[in-house]
Amino acid sequence: MNSIPKIGEQLTEDQLTFLHTFSQSCRHSILDMVVQAQSGHPGGSLGCIDYLTLLYASIISQTGNPVIISNGHISPAVYSVLAELGYIAKKDVIKGFRKVRTIYEGHISRHVPGVWYGTGPLGCGISAATGFALAEQINNTDGKVYALIGDGETQEGQVYEAMHFARKYALDNLIVFLDYNNVQLTDSVEFIMPMDYYATFTAAGWNVLSADGHNYQNMWDALSEAQASNGKPTVIIGHTIMGKGIEFMEEAGRNHQATWHGKAPTSEQSTQELARLLPTTEQANTIDAFHRHIVWQPLVPVFRKPLSQVEVHTGVPHVYATDIVMDCRTAYGNALLDLAKLNPNIIAMTADLSGSVKTSIMQKEIPERHFDVGVAEQQMVSCAGGISLSGFVPFCSTFGAFMTSRAKDQARVNDINNTNVKMVATHCGLSVGEDGPTHQAIDDIGSMLGFFNTHVLEPADPNQCDHITRYIASHYGNFYVRMGRHKVPMLKTEDGTPLFGSNYSFTLGETAVYKKGHDVTLIAAGSMVAEAVEALDLMEGLSAELLIISSPQVFDEVLFDSIYRTKRVVVVEDHNPKTGYSAQIAKELCKKGIAPKKFIPMGVTAYQMSGTAKELYDVAGISAKHIAQACKTVL
């Protein structure tokens, strides 16, 4: 190819010949890698490769615009294109595809140069793509963001959430290719779940284009039309054939059979096709010669160390007077506003709950960096993942019950991608009060503890909440911060000053000693700290040492030294003790060989009905009087 195609112009014969040569070589690589692995998804990869060839060779090689592959199982197609462009070694990917100790995973991985976001669970990628597109929009650039989705994938509710978000925020820099091969994992789309993709995207307010996914000129015309900005995102519905280019696979694809969706052919089946597709010396030289036209080179993927410090101005923490009674969520909102004023890369997202989660405090003063996704928690968390990899620090907030259940998969995929998302959840535990059991997040800590790059935190009062909010902004990684709904008193020292005041600096895993004692170690977190403080006045004749913790993952020696001395432990939490602080502390005690004489886990052991937080704590047996009684029983 003697020149790079220009948007809006006809492709030349040279360009068409080159594109056919390039895609043929990619098809050889796709077939070779799945045969050698005896695993993978060849059908969709072969069907998408003509579009990916055109996109990467003609646009991405020049611009480096992000491409998010939401249907991540077509990794063979993506890896083959990256190899033809010289971004990765072809022999390494063919030999290492789906093999242990290589970066060429079965679903596309961000470890591979030229991959912006690793995907697998369907629906996550399109939402992440809206995050990349939103970042370009905030930065006021004219860069486009490209995404691929599958036709079966579009049945996912998250795709609909992304559709509406992209239209609301006029992401006209987002261009999505829908691979319409009419085949899903087990059967045809028409059999599994028939859909009208044109009507669906039109109703969502998108520009809807159509293209033959194997006709380069047809696809180039659609891409050219999609470049025009008119305030709407664009979807190109590409009509493709699963298994295109491999005769024995293409026949099944034309009949909308799922035979080759996720099945690798044998080497005997593939020998003839591999020989036919193998580029000639002349063709290989043609592809090599194209490399001189390549402008953009991908950077080596960077996976930042979780908890490493980042350049964020944290400002001066608020110190709330000890006579003030308020909720932690207001302290969070105030701290978020401070951070946003000091840092243009701080943004807030919420799911129709700005007033409840208090991001409204920032919204009133900096509305251009506050994004309401509507009732779409999955979109919010995946979008936040995408925008965080574009240099922004997103705080996304909703109720704990929704963040850690509806959006858990999205948080998990972000965790795998080493993103930098601050998930701040309010209305956690029985503190949610009158809303009842459907809104009681009493399993949310356990839901997040299985991740490797996400830290869980819980403030004990508004002053500590302010410090924690600033801490997570200035430390890289995903955080889940849980807090209650109701108001709590400020914690204070013996001299009456705020416990978490101007001289305080938050440290992950720290134990704050509220009161020294020698009979029993009373450990409390979050809203339960106020109850534990009340309980101290009900323990006449008993010397309890009250410790305040804020992390169920990291504990310091202060906590273990206390337990070693007293040999008696009571842990109280507004959470299911089987999967919360009690379980984590018990595990760590076992690891350290510390065997207390008594260990009483106090938490929520059954769904509760409606009532005030204080009433529910009493019914659940974790109010001040119950804590005091538990401490007395350990002697």
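At a 10 Å Cβ-Cβ cut-off, how would you order 412, 482, fewest neighbours first?
Ordered by Cβ neighbours within 10 Å, fewest first: 412, 482.
The label point for residue 199 and the one for residue 507, both projected 7 Å from the Cα toward the Cβ, are 6.3 nm apart.
Report, in debye and to the nearest 20, how large the dipole of region 13-293 comes out about its Cα centre when Lys and Arg carry +1 and Asp and Glu carry -1 on their Cβ. Before the final figure, lay out each step's value.
Working: 17 positive and 28 negative charges, 173 e Å.
For region 13-293, the charge dipole is close to 820 debye.
Projecting the Cα atoms of 439, 353, 371 onto the dipole axis of region 337-449, where Lys and Arg carry +1 and Asp and Glu carry -1 at the beta carbon, places 371 farthest toward the positive end.
Amide H contacts of residue 371: 348, 349, 350, each under 5 Å away and 5 or more positions distant or on a separate chain (H built 1.01 Å from N in the peptide plane; Pro and chain starts excluded). Proximity of backbone amide H atoms, modeled 1.01 Å from N, is registered between residue 307 and 476, 477 at under 5 Å, excluding neighbours fewer than 5 places apart on the same chain. Think of the chain as having a plus end and a minus end, set by charges on the Cβ of Lys, Arg, Asp and Glu; of 157, 535, 146, 535 sits farthest toward the positive end of this dipole. Average projection, convex hull of the Cα set of region 13-293: 13.6 square nanometres. Let me make sure I get this right: for region 334-482, a, b and c are the square roots of the gyration tensor eigenvalues over alpha carbons, sorted descending. Under 1.5 in a/c it's rounded, otherwise prolate if a/b > b/c, else oblate. Which is it? The shape class here is rounded. The aspartates and glutamates whose alpha-carbon is closer than 16 Å to the alpha-carbon of residue 144, local same-chain residues fewer than 8 away aside, are 136, 172, 225.
This model, with +1 at the C-beta of Lys and Arg and -1 at the C-beta of Asp and Glu, gives region 325-489 a dipole about its Cα centre of some 240 debye.
Of 99/305; 364/408; 516/597; 91/305, which ones are farther than 22 Å apart at the Cα? Don't jump to the answer; show the numbers that get you there.
Working: 99/305 25 Å; 364/408 29 Å; 516/597 19 Å; 91/305 30 Å.
In this structure, 99/305; 364/408; 91/305 lie more than 22 Å apart at Cα.
Taking 7 Å steps out from each Cα toward its Cβ at residue 598 and residue 294 produces label points 6.9 nm apart.
List 421, 357, 310, 295 from most exposed to least, where exposure is judged by having the fewest other Cβ atoms within 10 Å. List each step's numbers first, then the result.
On the way: 421 32, 357 25, 310 14, 295 10.
Result, fewest neighbours first: 295, 310, 357, 421.
Count the DSSP beta bridges whose two residues both fall in the chain, then state the antiparallel fraction as a percent rounded to the nearest 5. So the antiparallel bridges amount to about 15 percent of the total. In this simple spin-label approximation, residue 607 and residue 564 carry label points 7 Å from Cα along the Cα→Cβ vector, and these lie 4.4 nm apart. Under the convention that each Lys and Arg Cβ holds +1 and each Asp and Glu Cβ holds -1, the size of the dipole of the chain around its Cα centre is about 1600 debye.
Taking Cα pairs under 8 Å and at least six residues apart, what relative contact order does region 13-293 come out at, in percent?
Numbers: 537 pairs, mean separation 67.0, N = 281.
Over region 13-293, the number comes to 24 percent.
Remark on the chain: 26, 48, 124, 383, 396, 428, 590, 631 stand apart, with no other cysteine beta carbon under 4.7 Å.
Residue exposure proxy: 336, 52, ordered by other Cβ atoms within 10 angstrom of their Cβ from fewest to most, comes out as 52, 336. For residue 304 and residue 141, the FRET efficiency from 1/(1 + (r/R0)^6), where r spans their Cβ atoms and R0 equals 25 Å, is about 0.65.
Of the residues 500, 452, 5, the one whose Cα sits farthest towards the positive end of the charge dipole of the chain is 500 (charges of +1 on Lys and Arg Cβ, -1 on Asp and Glu Cβ, taken about the Cα centre).
In summary, the lysines within cross-link reach of residue 591, defined as a Cα separation below 17 angstrom excluding same-chain residues under 8 places away, comprise 567.
Which of rounded, prolate, oblate describes region 517-564, given a ≥ b ≥ c as roots of the alpha-carbon gyration tensor eigenvalues and a/c under 1.5 marking rounded, otherwise prolate only if a/b is larger than b/c? It comes out oblate by the Cα gyration axes. Does anyone have the angle between helix 557-566 and the longest principal axis of the chain? Alpha-carbon axes, 0 to 90°, nearest 10? Rounded to the nearest ten degrees, it is 40. Label the chain by shape, choosing from rounded, prolate and oblate, from the square roots a ≥ b ≥ c of the eigenvalues of the Cα gyration tensor; if a/c is under 1.5 it is rounded, and otherwise prolate applies when a/b is larger than b/c, oblate when it is not. Judged from the Cα gyration tensor, the chain comes out prolate (a/c at least 1.5, a/b above b/c).
Give me Rg over Rh for region 395-471, both radii from the alpha carbons and Rh done the Kirkwood way, two decimal places. With Rh from the inverse mean 1/r over Cα pairs, Rg/Rh is 0.96.
Tell me which lysines have Cα within less than 16 Å of residue 614's Cα, excluding those fewer than 8 residues away on the same chain? Output for residue 614: 487, 625.
No lab work stands behind these numbers, since they all come straight from the coordinates. Since the model is a prediction, treat every value here as computed from it, not as a measurement. Cβ atoms come from the backbone with ideal geometry, glycine included; neighbour counts cover every protein chain shown.
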